[in-house]
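Where a number appears in this text, it was derived from the coordinates with a stated rule and is not lab data. All figures in this text were calculated on a predicted structure; none of them were measured in a lab. We place every Cβ from the backbone using ideal geometry, glycine too, and count neighbours over all the protein chains shown.
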Amino acid sequence: TYSAKVHPVVVTQTPTNVKGVVNSDGVSVDGKLVAKGTEQTWTLASGSLKAGREEIKGLKLEDPFPSGVAINRESSSTKSPAWTFVYNDNGKSYLVATAQTLALLNANRDQDVVIPVANVVGTPLNDGGTYPNTFKTIITTPSGSYTTVSNTPVYYTPGNDPKTPRNSGGDNPTPHDNLIQPSKDVVDDKGQSINGQSILPNTPLNYVAKQDFDQYQGMEASQAAIAKGFAYIDDYSDEALDGDSMTVKSITAKNGDDVSSLLQMYHVLSADTLDDKLKELVKQSGISPVGEFYMWVAKDPDSFYKAYVQKGLDVTYNLSFKVKQSFTEGDITNQTYQIDFGNGYYGNIVTNNLPPMVVHKVVKDKDGTNIDGQTVAIGDEISYELEGWVVPAGRGYDLYEYRFVDILDKEHDAYEDYQVTAKVDLKLSDGTIIEAGKDLKAFTEVIYNAQTGQFELKFKDDFLKQIERSQAFGADAKVLVKRIAAGEVTNEYTLYVNGNPILSNKVVTK
């Protein structure tokens with residue numbers, strides 16, 4: 001009789017979990033910046049099972065997806081035929097090996113076998129997002145179950161507020177983090193900002209706008225993301241600005257490149273007039289330009305991306321508009337937008353104000369009584385009071401002209417003298433204080449043409465240069481005349497401020 005002792009060999013299974021994340025081109029984006037709104041795929045590889053293993057009764061992958069990612073269930077299922085996605089009431093999900101997968105793993109237990117890879121497709125929804133992800137493999141056998149935990153890949157979307165760092169220590173994986181904010185300013189001919197300041201009707205408005213790319217430096221964008229395109233939009237005030245007057249002074253990248261030839265410009269009178277592709281680009285981006293606007297679109301998105309976006313080189317647009325002649329009063333606004341990878345971003349709004357420009361004329365006798373429409377005796381001395389316009393403080397221009405012009409009726413009125421006084425309190429740049437009502441005659445020049453009757457009173461250049469933009473200015477003038485002939489006399493005057501004529505009302509005496 002023979003006997004034998006059997007010593008079962010227990011094969012310990014220690015599969016190594018490896019998780020990765022790739023873009024739609026199959027390029028790893030672990031630790032990289034990706035474009036918001038573009039699909040990324042997590043790859044869940046559970047390694048292999050050794051020969052001599054027990055029967056696998058159950059196999060599950062637990063994968064708590066990070067918030068802010070929209071999972072494409074259909075695409076994930078298509079790319080993971082060996083697995084079934086199970087979603088519970090809490091919005092969590094896990095993957096269970098199908099019966100066919102279990103049969104495959106148990107078919108030849110005397111041989112090693114690789115556990116099929118699962119693919120989970122998701123789209124990041126937020127700017128400034130950090131999306132780490134870890135999964136667990138749970139294998140159940142007759143003798144028990146064991147769990148293996150994977151590594152934790154992570155990807156990021158640009159546009160994080162630098163005040164809230166993404167990680168608490170070590171090297172910052174996104175060193176160029178900042179918000180995606182196209183910016184705009186309105187400047188004078190010296191390049192000084194005049195945002196929020198008043199202007200005159202003949203003032204050209206120069207806009208400097210930045211298409212913000214610095215936060216994209218080092219990005220790993222897929223071809224699908226890049227193909228969504230890049231665009232800059234200047235949404236000017238239809239009511240106030242003459243769109244046809246727009247002049248492109250320059251479009252330059254941060255490295256000094258002239259990029260204007262890489263962009264296709266569109267003068268859009270209404271978003272409905274765009275072709276279907278651009279109309280869809282604007283619609284899907286989420287921005288809402290109003291009325292007319294200008295739009296610059298990268299002709300070759302891939303080349304533009306590699307040359308400027310991926311290198312973090314901002315693009316600056318220098319544009320100029322004229323104010324419409326029909327616009328005489330109110331706020332003039334301008335806003336910028338940018339579209340990157342199909343995502344739209346709002347810029348700031350710059351504003352200028354065009355104040356109403358009104359002057360008045362009054363005719364008075366020597367006692368100061370208003371005699372408009374009344375009779376004047378020959379030989380009477382009267383005064384035409386030219387009430388000036390107050391140039392506002394906080395304006396976006398220097399004052400180089402403030403001039404009264406009055407065409408007197410030389411047949412009926414003989415010019416004698418003039419007076420001019422400050423309309424507001426003044427502080428000149430040299431510190432001189434002039435109170436309202438004080439005489440300003442020393443700062444003026446007068447020319448009277450006896451042949452035409454034209455009276456011209458203007459302030460000297462050196463005086464106007466001392467009136468800073470932060471200082472309001474205005475003056476009133478009196479033209480003293482003697483009535484020398486009978487008849488009806490009609491009179492008005494024009495005030496010129498930096499080339500802008502302001503016509504007064506008419507006064508009549510008999």
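Things worth noting here:
- Simple label model, 7 Å out from Cα along Cβ direction - Asp331 to Thr140, nm: 6.5
- Size of charge dipole - the range 25-91 - debye, nearest 20, with Cβ of Lys, Arg +1 and Asp, Glu -1, no other charges: 120
- When the C-alpha to C-alpha distance is required to be over 20 Å, the pairs from Lys190/Lys311; Lys184/Lys254; Lys458/Lys482; Lys364/Lys506 that qualify are Lys190/Lys311; Lys458/Lys482.
- Note on the range 357-478: dipole from Cβ charges, positive end direction compared against Gly431, Phe463, Tyr448; the farthest Cα belongs to Gly431.
- For the pair Lys92 and Asp372 in one chain, pulling the backbone fully straight at 0.36 nm per residue adds 92.2 nm over the alpha carbon distance.
- Using 0.36 nm per residue and subtracting the Cα-Cα separation, the extra length available between Ala103 and Glu280 on full extension is 58.9 nm.
- For a paramagnetic label modelled on Thr494 (point 7 Å from Cα along Cα→Cβ), amide N atoms under 16 Å away belong, within the range 400-433, to 401-409.
- Leading residue at positive end of dipole, the chain (Cβ point charges), from Thr147, Val309, Tyr415: Thr147
- Estimated FRET transfer efficiency when R0 is 30 angstrom, pair Ala393-Asn318 (beta carbons, to 0.05): 0.60
- Highest mean packing first, where packing is the average number of other Cβ atoms within 10 Å per residue, the peptides 44-55, 134-145 line up as 44-55, 134-145.
- Calculated Rg and Dmax of the Cα atoms in Å (choose from (1) 29.6, 94; (2) 21.6, 62; (3) 38.6, 161), label: (3)
- Simple Cβ-charge dipole of the chain, Lys/Arg +1 and Asp/Glu -1, about Cα centre, in debye nearest 20: 2660
- FRET efficiency for Val6 and Thr84, using Cβ-Cβ distance with R0 set to 30 Å, rounded to 0.05: 0.20
- Sequence-distant contacts, meaning Cα pairs under 8 Å at least 6 residues apart, place the relative contact order of the range 199-300 at 36 percent.
- Here the range 345-389 is scanned for amide nitrogen atoms under 15 Å from the site 7 Å beyond the Cα of Ile484 along Cα-to-Cβ, giving 378-382.
- Using alpha-carbon coordinates, inclination of helix 276-285 to the longest axis of the chain, degrees: 80
- FRET efficiency, 1/(1 + (r/R0)^6) with R0 30 Å, evaluated for Ser75 and Lys299 via beta carbons: 0.45
- Among Ala35, Pro116, Pro81 the positive-end extreme of the charge dipole of the range 1-133 (Cβ point charges): Pro116
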